[in-house]
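What follows is a set of notes on a single structure, which appears directly below.
The values are calculated or read from the model by the stated rules, or taken from the named source; none is laboratory data. This is a predicted model, so every value here is computed, not measured. Ideal geometry is used to build each Cβ from the backbone, glycine not excepted, and the neighbour counts take in all protein chains shown. These accessible areas exclude ligands, DNA and RNA; they are computed on the full protein's heavy atoms, side chains included. Shrake-Rupley method; radii C 1.70, N 1.55, O 1.52, S 1.80 Å.
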Amino acid sequence: MYEFLLRMGDNTLVLGHRVSEWCGHSPVLEEDIALANISLDLIGQTRLWLGLAGEVEGQGRDADALAYRRDAWDFRNLLIVERPNRDYGHTLMRQFLFDLWHHERLADICLSEDDRVLGIAAKCVKEASYHLERSTDLIVRLGGGTAESHSRMQTAVEALWPYVGEMFTDDALDIEMDKAGIAPLPSNQRPRFDEALNITLSRASLTRPAGDFAQKGGRSGVHTEDLGHMLATMQFLPRAYPDARW
Amino acid sequence: MYAQTVQSTGRKVKSLEEMSDQERAFQARIDAGEKIEPKDWMPDGYRKTLVRQISQHAHSEVVGQLPEGNWITRAPTLERKAILLAKVQDEAGHGLYLYSAAETLGVSRADLIDDLLAGRAKYSSIFNYPTLNWADMGAVGWLVDGAAIINQVALQRTSYGPYSRAMVRICKEESFHARQGFDIMMKMVAGTAAQKAMAQDALNRLWWPALMMFGPPDKDSVHSAQSMAWKIKVMTNDEGRQKFVDQTIPQIEYLGLDVPDKAARKNPKTGHYSFVDPDWDEFFAVLKGYGPCNADRMLARNKAHDDGAWFREGLLAYAEKQTIAAE
């Protein structure tokens, strides 16, 4: 259960951080505001998931201790959320692919037999539904905008495609969580994800990349090089001043 | 203040006798405390001065995202990160209200932003100073937003309706910002020796630039008289600065920090503090572009704008296609 909660909380922590890196640097003021909103939602969700993870672990660690005092190999997020922002097209495509998975994942977890898990999922799914609506809308508009916006979105979906498969790969922990009635298998979501993805890509005149090769490892602690750099920045103060209270 | 050196007409204030009938009627409305609305007649100078002031104010909110954005990725707890994000998000929102208020005067946000990016428009000098340690996030909220509130509370009474109403909304959020800044400072001074040193360092660096926010001394403020007559400006630079010093020095003492101005003393008769002026040569140099961060701030804004051009163009092209399809 602890590991499952880390998987949920680390996804929102890492993506929330990535989105916050845009603050003040986005293409237009309205996007600065929207990105801050999304980042705030994700950080709020992190506090819920990691807060419960700390309780379940029972070692006296709270959400901050888990966020700021673990090294990369203890992180359990999907690789896609730690991919760097690159251009705004990559950022939006990463958000869209994550939102599409996240929304379905949370909807599934709303069937959890664990009241604490269900409570968090029920709160988060509302926010995820808004995030998905926004990112879907932008993908459609940019795919159907100028030749350049179309080309950037196509490039982005191709670059991120190898990170999609990991979202739906079941491992021993997933099977255990499914049996315990805590969360259904991630693979259950794939047909729904594919259907919704195909509809949006088609509305956006974007081509679904060929191939099913999937980069994996994030959910068991084997990350890309990017996560270490992100944590070096994010964890600097609590690491440099371990006795301080902020 | 976020609009420190707004050029007005450059001429002396006209007497009632020198005014045309229309100007006299306008001045009478101002003197009676009426709000001027976008469709009302107004002197050209009034319109131009307001556009300069409101756009400087808007640009300051937008550029002001950068010094605090500098610490969002390094905020030390999830709660602090969320609070800082929400605060910077508010600043972007203030930028939007203010650009909208400026647009009621017949200018476009796109043109105003072009002026900023080309270096033709000004923004508050305070944002050309760096944020070097985490306590700066406290000091910016406490001192910078604290100074801004003094002016903005006064500006709720400004004569132009849309600007005045924008200020009412903005002030509610700014007072929250100042409180969260002071809360960070309280934590820092109650913390380890290193945290207290960060708090003192932030205060020492930001004290003088915060005093500069109110603009040059009244005796050197060449454009104030007309703005005051039109009630675009409702408090002088020196009045605002004195108010700031009077409210802030007791707060510094409460925090147990040293007042950067060693000569500051309270006059028991007037209740006001005496204080040393900031270095006005430095102030004018920062306005001319020679502050520690002017070049970096403009580079960041220009990069965001240029890198985002394809995004804005893509959305516009899509909207146009939808309109054509609907016709």
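Shielding of peptide A:135-147 by partners, expressed as the average count of other chain Cβ atoms within 10 Å per residue Cβ, is 4.
Comparing each chain alone with all protein chains together (probe 1.4 Å, DNA, RNA and ligands left out), the residues of region A:202-246 losing at least 20 Å² of accessible area are A:Thr233, A:Met234, A:Phe236, A:Leu237, A:Tyr241, A:Ala244, A:Arg245, A:Trp246.
Amide hydrogen proximity for B:Tyr160: with H placed 1.01 Å from N in the peptide plane, the residues at 5 or more positions away or on another chain lying under 5 Å are B:Ile36. Sorting the segments B:25-31, B:185-191 by their mean number of nearby beta carbons within 10 angstrom, highest to lowest, gives B:185-191, B:25-31. Bridgeable lysines around B:Lys87 (alpha carbons under 17 Å apart, same-chain partners fewer than 8 residues away excluded): B:Lys172. Note on the protein assembly as shown: helix-only mean residue ellipticity at 222 nm, from DSSP H runs of 4+ residues weighted -39500 (n - 2.57) and normalised by residue number, equals -20500 deg cm²/dmol.
Taken across both chains, chains B and A shield about 4100 Å² of accessible surface from a 1.4 Å probe. Beyond 20 Å between alpha-carbons counts as too far, so tell me which of B:Lys12/B:Lys48; B:Lys12/B:Lys231; B:Lys122/B:Lys219 fall in that bin. Over 20 Å Cα-Cα: B:Lys122/B:Lys219. Taken over the protein assembly as shown, the alpha-carbon convex hull comes to 169 cubic angstrom per residue. Within 13 Å, Cβ to Cβ, of B:Val168, how many net charges do the neighbouring residues add up to if Lys/Arg are +1 and Asp/Glu are -1? So the environment of B:Val168 carries a net charge of +3.
Working note: Karplus 6.51/-1.76/1.60 with θ = phi - 60° gives region A:16-29 the couplings x, 5, 4, 5, 5, 5, 7, 3, x, 10, 7, x, 7, 3 Hz, where Gly and Pro are set to x.
Counting only lysines at least 8 places from B:Lys266 when in the same chain, those with an alpha carbon closer than 17 Å to its own are B:Lys243.
B:Met298 sits among other residues whose Cβ lies under 15 Å from its own Cβ, and their net charge, with Lys and Arg +1 and Asp and Glu -1, is +1. Of the residues making up region B:294-327, those losing 50 Å² or more of accessible area when the isolated chain is joined by the remaining protein chains, with a 1.4 Å probe, are B:Trp310, B:Phe311, B:Leu315, B:Tyr318.
Where does the charge balance sit around B:Leu117 when Lys and Arg score +1, Asp and Glu -1, over other residues with C-beta under 15 Å from its C-beta? With Lys, Arg at +1 and Asp, Glu at -1, the neighbours total +1. Label separation (B:Lys303 vs B:Glu327): 4.0 nm, computed from points 7 Å beyond Cα along the C-beta direction.
Taken per residue, the accessible surface of the protein assembly as shown reaches 41 Å², heavy atoms only and a 1.4 Å probe. Look at the Cα gyration tensor of chain B: its axes a ≥ b ≥ c give a/c of at least 1.5 with a/b at or below b/c, and that counts as oblate.
Stretching A:Thr207 away from A:Tyr2 to a fully extended chain increases their span by 70.0 nm, per 0.36 nm per residue minus the current alpha-carbon distance. Answer rounded, prolate or oblate for chain A, using the Cα gyration tensor with square roots of eigenvalues a ≥ b ≥ c: rounded when a/c is under 1.5, else prolate when a/b is larger than b/c, else oblate. Taking the square roots of the gyration eigenvalues as a ≥ b ≥ c, chain A is oblate.
Taking the accessible area of the protein assembly as shown, probe 1.4 Å, and keeping the other protein chains in place, the carbon and sulfur fraction comes to 53%. For region A:146-246, the gyration tensor built on C-alpha atoms gives an oblate shape. Its axis ratio a/c (a ≥ b ≥ c) is at least 1.5, and a/b is not larger than b/c.
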